[in-house]
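Right, one structure below, let's go through it.
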Amino acid sequence: MKQWISLQAELGNFQQRRAIFIFALKMSFVAVIMSLAIILVLIFVMQWLDLLPLPIFEAMRFGVLLAWIIGGTVSGALAVLVGFSIHRLAVSRAEFERLSRTDTLSGLLNRRAFTEVLNTAKDGASLVIFDLDRFKTINDRFGHASGDAVIVAVSRLFSDAFTGENVIARLGGEEFGVIIHGGDTAERIARVEEIKEQIAEQSIAIEGGSVKITISAGIADIGGDRKTEAVYAATDKALYLAKTLGRNRVMHERERLSQVWNRCASEQEQEATTDVRELQRYVQQM
C-alpha cells in the first residue's frame, strides 16, 4: 500500500485539492463496480445452493442498492483519506525537490540545478561566471551578516537584469552563474558589461551603513559539440584573467592577453588625455 501511494504521489497530479476529489470519485466508482460483481456472484451461488431467501430479481435489486449506498460511501470516504495522504506526500516531495535545487540564501538555483540546465542549453547562448571582488574583505571587516546582505542584494540585481529564458544561479560563496540567451556574442557581452556597471554604482545597505562592490566576469560561448566541462573551464579561465588584470572587468574566452594589454593601454591613454583636457579647461577658466 505504501509503495502504491508513493507511486501515485510521483506519477499523479496531487498537488491540487481538486485532484483528490476526482481520485475519490474514480475509486468509488471502481469500488461499486467490484461490489456489484461480488454481490451478483454471491446471489447466483446462493440460488444454486437453494439458500437465497428472496426471489433472484428482488435480491439483485437489493444488492445493487447496497453496493451503491454502502460500497460507494465507504470507499469514497477511504479514497478521500488516501487522496489527502497522497496530496501531502506530493506537496512534500515538490517542496523537497524545490529546496534541493535552490540556494537558501539567494533564492536562486544552486550549482546542481544550474548544471542540469547548462547540459541542455543550445546554440546562441553564453555561460557567464561572476565573482564579487574582494568579498572576503567585507566579511572580515563588517561580519558575515553584512556579507549575506551583499549576496542577497546582488542576487536581486541579477534577477532583475536577466529575465525571461536566461538562467541565474549562485554557484557557491560569492560566485554566480548565468546562462544568457539571445543576440550575438557582442550583444551578450554588452549586457554583462551593463550589469557590471550597474552593480559598481549601487550602494548596498548593510548593518550600520552601506558598501559598494565591483564584480568580475568570465564569458564562454555554448554551442557545437562542446561539453559542459569544457564550457565551465573556458569561463573559469576568462574569469581568472579578469581578476588577474585588476578586477571589475568582463573577459570573453576569445580575448588574448596581448589584446587585453592593448585595451588597458588604450584606456589609460584615454584617461590621461581626459586629465590633460580638464587641466587645460581649468587653466583657461583662471
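The values are calculated or read from the model by the stated rules, or taken from the named source; none is laboratory data. Everything numeric here is computed off the predicted structure, so don't read it as measured data. For neighbour counting, all protein chains shown are included, and Cβ atoms are generated from backbone atoms with ideal geometry for every residue, glycine included. The protein model used for the area step is the full one, side chains on, heavy atoms only, and it has no ligands, DNA or RNA in it. Shrake-Rupley method; radii C 1.70, N 1.55, O 1.52, S 1.80 Å.
Structure notes:
- Per the listing PHE162, PHE130, PHE158, the residue uniquely of a type in the set (Phe, Trp, Tyr) and either under 23 Å from THR244 (Cβ atoms) or open to solvent by 40 Å² or more (accessible area, probe 1.4 Å) (or both) is PHE130.
- Test: residue in the range 225-236 that is at pLDDT below 90, surrounded by fewer than 18 Cβ atoms within 10 Å (Cβ to Cβ) and in contact with a helix residue (DSSP H, G or I) (Cβ under 7 Å, 6 or more places away or on another chain): yes
- Contact map, the range 106-119: residues that are buried (at least 18 other Cβ atoms within 10 Å of the Cβ) paired with residues that are part of a helix (DSSP H, G or I) and of a type in the set (Val, Ile, Thr), Cβ distance under 9 Å, separation 6+ or inter-chain. Pairs shown: SER106/ILE151; SER106/VAL152; SER106/VAL154; LEU109/VAL117; LEU118/THR228; LEU118/VAL231.
- One residue alone among SER146, SER106, SER75 is modelled with pLDDT under 65, outside any strand (DSSP E or B) and small (Gly, Ala, Ser), and that residue is SER75.
- Considering ILE189, ILE206, ILE151, the condition of being open to solvent by less than 60 Å² (accessible area, probe 1.4 Å) and closer than 27 Å to ARG101 by Cα is satisfied by ILE151 alone.
- Residue in the range 256-276 that is closer than 18 Å to GLU174 by Cβ and either modelled with pLDDT of 85 or more or open to solvent by less than 50 Å² (accessible area, probe 1.4 Å) (or both) present: no
- Criterion violated by ASP140 - all others in (1) open to solvent by 80 Å² or more (accessible area, probe 1.4 Å); (2) farther than 23 Å from THR104 by Cα; (3) of a type outside the set (A, V, I, L, M, F, W, C) satisfied: (2)
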